[in-house]
């Protein structure tokens, strides 16, 4: 471990490499996490199938490459398809558990995750797949730092998507209705907002966002039917750290998590890359606990 | 109202199955047919390779039945395999092995796919003293339990990448350095198979006094190893070895390219399964990939002729195969072992057959087969192939090599 840290000191450009790799992939984590925060905040459903939605998006991009179409064109298609899928899933499953307790909705979405995994496995088989973007690799600092262009493209697209979502939420009628429902569903209902429709739209929009994240992931990393869980966990960590309805927080937490993974993988070894994610979750929860205790004291 | 309870479903399924297999009370030999049993992964995460293995079993059964069957006690018998789908889960595999032995009366078993499933099933076959010839469980830990009824035709997992260490040593000596100058970077998935592979590499590296500069364990749901590869880039080892099933091979190939890793020797398992030559054409050039079997080897034996003949027959029988996976070839070899042992035992007594299996010493299209006391095959080496101009060429061991190893590797990033 100390060897690796001293390496980072001797060759500072390694830090640049790790930071860039981490931050650029973190942008995609942030995208998926924002979707989760949206659904969580509005419907109070904690979607355990979040990562599996991401993987579904990845497979849509993969299908595009097998058809000889550039996977980046799969982005809008994946969003539309996943929006439809999300709407159907809401009507079929989520609508029935939304009023129930926490465990019912957790179980329902966990079951959904299993069904998605196995269905993808039946259709595409268990082998890993990639969507090849064909973009070049950039050399920085005299070739000591390499950067895949697709990661930059993904960052830009993720940023654009986030901006679009923010504008949508602020200006459109549906966006306002979503925010109103998140604040107080009962009051929103009394004001004539069709909250059921708002829930359905929110869930579908989340699926669409995940689909987009999946398309980007499939062009950068590899996808496999059972990889969804790691994206679900990352989304939960980011949302827990950032809090609901806090988009800047989600973005910072996403980028930070991506970078933390890379550095811990480098310093502690790849086996700790994901352990770090869970470790951070524990730290965040502890911090929150302490914070809340303080608040409770003030109130009393 | 009729409620469909799980117990009804289970009972219905059991009835349906027992009807389907009616008359299998004494299923080891039915009339003129010898029944072999196998729980195999036809669905779930191992299904790709499970189906390869099943095709291998079926091809050998067909071939043996067409060429005179199995002669026991002067009578010719046909072979048939009863399969159950273990859904790629060990617990289900163990249950199904119980069912094959207890309910279906199977006395001769063929193995499942993967070390994990074999580990789950071996205690069951051992308990009932039912011999099992397996072709897809390579983990060394299968052969340290003192099992008496387990026989494996394939090379054990610690041999997968060990030959690349030897090769790196030889190359160092040829270039005027010492084998002990070689610095190794390792990235192995944290699963029993890959850790066995690692143990083999460690052993050989220690023997030659090589230095290990990176020893990373990759997580199971691995999709990124750029942190490990950044370390490789900084430390410039002479040899990089990677094992993490096909996801490891695909991730490594993709990120080797992205990070422009120029390590002169890179060896990894599962190149074929990850289709690295097709998906990462430039980056895969010069990779060293171990394999249990290759159609270009000069092995040959009775039933199928040469390795090349087997390759042709397999492709003609099953559509959709561009190349024959070794998983299928070794499954066929396992069936050949059964025929050979049953004929030598000249009996259906499980103990006699077990002793005949243990005395197996045969040449096949898949290589030599001779079992150690622990049950693993000691007569067939792992071969190392290098990807040269997009094709796999055998480069080690020297006896079977068709091409010289290209050093340093020449990826076309």
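Look at (1) modelled with pLDDT of 95 or more; (2) surrounded by fewer than 17 Cβ atoms within 10 Å (Cβ to Cβ) and you find that residue B:281 fails only one, number (1). Residue-level check: of (1) more than 13 Å from chain A (Cβ to nearest Cβ); (2) part of a loop (DSSP other than H, G, I, E, B), residue B:274 misses just (1). When residue B:268 is tested against (1) over 22 Å from residue B:377 (Cβ atoms); (2) out of contact with any helix residue (DSSP H, G or I) (no Cβ under 6 Å at 6 or more places or on another chain); (3) in contact (Cβ under 8 Å) with a residue 24 or more places away in the chain, just one condition goes unmet, and that condition is (2). Mind checking which pairs have a first residue in segment A:215-231 that is more than 9 Å from every other protein chain (Cβ to nearest Cβ) and surrounded by 24 or more Cβ atoms within 10 Å (Cβ to Cβ) and a second that is assigned to a loop (DSSP other than H, G, I, E, B) and modelled with pLDDT under 95, Cβ under 6 Å, 6 or more apart or different chains? These pairs meet every condition: A:218/A:131; A:219/A:131; A:219/A:133. Would you check if there is a residue in segment B:191-208 being outside the structural domain of residue B:140 (by TED's automatic domain parsing), closer than 30 Å to residue A:145 by Cβ and surrounded by fewer than 23 Cβ atoms within 10 Å (Cβ to Cβ)? No, segment B:191-208 contains no residue that is outside the structural domain of residue B:140 (by TED's automatic domain parsing), closer than 30 Å to residue A:145 by Cβ and surrounded by fewer than 23 Cβ atoms within 10 Å (Cβ to Cβ). Only strands (runs of 3 or more DSSP E) whose full extent lies in segment B:281-371 are considered here, and the ones with at least 3 residues that are touching a strand residue (DSSP E or B) at 6+ places or on another chain (Cβ under 6 Å) and in contact (Cβ under 8 Å) with a residue 40 or more places away in the chain are B:288-291, B:361-364.
For segment A:110-120, the criterion of being buried (at least 16 other Cβ atoms within 10 Å of the Cβ) and facing chain B (nearest Cβ under 10 Å) is satisfied by at least one residue.
For segment B:229-242, a tally of residues being more than 16 Å from residue B:205 (Cα to Cα) and either more than 11 Å from every other protein chain (Cβ to nearest Cβ) or in contact (Cβ under 8 Å) with a residue 24 or more places away in the chain (or both) returns 7. Filtering segment B:31-46 to residues that are touching a strand residue (DSSP E or B) at 6+ places or on another chain (Cβ under 6 Å) and facing another protein chain (nearest Cβ under 9 Å) leaves only B:43.
Among the candidates A:72, A:5, single out the residue that is more than 11 Å from chain B (Cβ to nearest Cβ), over 13 Å from the mean Cα position of the chain (by Cα) and surrounded by 17 or more Cβ atoms within 10 Å (Cβ to Cβ). Just one listed residue meets the conditions, A:72. If only residues of segment A:127-153 that are farther than 22 Å from residue A:74 by Cα and at the interface with chain B (Cβ under 10 Å from one of its Cβ atoms) are counted, the one that is modelled with the lowest pLDDT is A:143.
Scanning segment B:277-321 for residues that are within 14 Å of chain A (Cβ to nearest Cβ) and closer than 22 Å to residue B:136 by Cα turns up just one, B:320. Selection over segment A:57-66 of residues that are more than 13 Å from the chain's Cα centre (by Cα) and either under 13 Å from residue A:208 (Cβ atoms) or in a loop (DSSP other than H, G, I, E, B) (or both) gives a count of 1.
Counting the residues of segment A:178-223 that are in contact with a helix residue (DSSP H, G or I) (Cβ under 6 Å, 6 or more places away or on another chain) and assigned to a loop (DSSP other than H, G, I, E, B) gives 2.
The values are calculated or read from the model by the stated rules, or taken from the named source; none is laboratory data. Here the structure is a predicted model, which means the values were calculated and not measured. No Cβ is skipped: glycine too gets one built from the backbone with ideal geometry, and neighbour counts run over all protein chains shown.
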